[in-house]
Amino acid sequence: MVIEEIVESRKAKVVLTTSHDENYGISNMLDGKEETFWMSTGMFPQEIMFQLESQYTLKKIQIISTGIKQLKIETTDKSQPIQFSPIFEKQLADEGSLQVEEIILEDQPARYLKIQILNGYHNFISIHSIKIEANI
């Protein structure tokens, strides 16, 4: 099997976000540039859900962000976005610079991936990049 970055190759698409700001839209965190970003519109929790083109085995997730305090990731291998199971939860440090979180996974099957920002250090958070690597 080949490991591929599935956001960049469009094998994973965003099907839900709980915030929308036309100046800081979801496409900004998918363009591969750290200087552009998606920004929440306030309040927590915030959520971003990806639908994968088919069921893949996830190997690594990288999130580059600012202001996230509590991060949780869930997946499901169901054909519909139901019965999610947590695969990662962590309180991130806020050191005044970009937060780079790399999550290494042990053969995690998924059809949907849910990223939840449970709490932030400020009223707003930003996500500059999300990369998802999977066996194709």
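Quick one: what pairs do we get from segment 1-30, first residue without any contact (Cβ under 8 Å) to a residue 24 or more places away in the chain, second in a helix (DSSP H, G or I), C-beta under 8 Å, 6+ apart or different chains?
Taking only residues 6 or more apart or on different chains, the pairs are H20/I26.
Output yes when any residue across segment 43-51 is in contact (Cβ under 8 Å) with a residue 40 or more places away in the chain, open to solvent by 10 Å² or more (accessible area, probe 1.4 Å) and closer than 16 Å to I6 by Cα, and no when none is.
yes
Restricting to segment 13-56, and then to whatever is outside any loop (DSSP other than H, G, I, E, B) and touching a helix residue (DSSP H, G or I) at 6+ places or on another chain (Cβ under 6 Å), can you tell me which residue is nearest to Q80 (Cα to Cα)?
V14
For segment 110-125, name all the residues that are among the aromatic types (F, W, Y), farther than 17 Å from D21 by Cα and open to solvent by 50 Å² or more (accessible area, probe 1.4 Å).
Answer for segment 110-125, where residues must be among the aromatic types (F, W, Y), farther than 17 Å from D21 by Cα and open to solvent by 50 Å² or more (accessible area, probe 1.4 Å): just Y121.
Kindly indicate the residue of segment 23-42 that is more than 22 Å from I104 (Cβ to Cβ) and touching a strand residue (DSSP E or B) at 6+ places or on another chain (Cβ under 6 Å) and also most open to solvent (accessible area, probe 1.4 Å) among those meeting that condition.
For segment 23-42, the residue satisfying everything is Y24.
Check K90, K78, K59 and return the single one that is surrounded by fewer than 17 Cβ atoms within 10 Å (Cβ to Cβ), part of a strand (DSSP E or B), of a type in the set (K, R) and at pLDDT 95 or above.
Within the list K90, K78, K59, the selection yields K90.
Within segment 68-125, work out how many residues are without any contact (Cβ under 8 Å) to a residue 24 or more places away in the chain and at positive phi.
2
The values are calculated or read from the model by the stated rules, or taken from the named source; none is laboratory data. What you see is a predicted model, and the numbers here were worked out from it, not measured in a lab. All Cβ positions, even for glycine, are placed from backbone atoms using ideal geometry, and neighbour counts span all protein chains on display. The accessibility values were calculated without ligands, DNA or RNA, using every heavy atom of the protein model including side chains. Shrake-Rupley method; radii C 1.70, N 1.55, O 1.52, S 1.80 Å.
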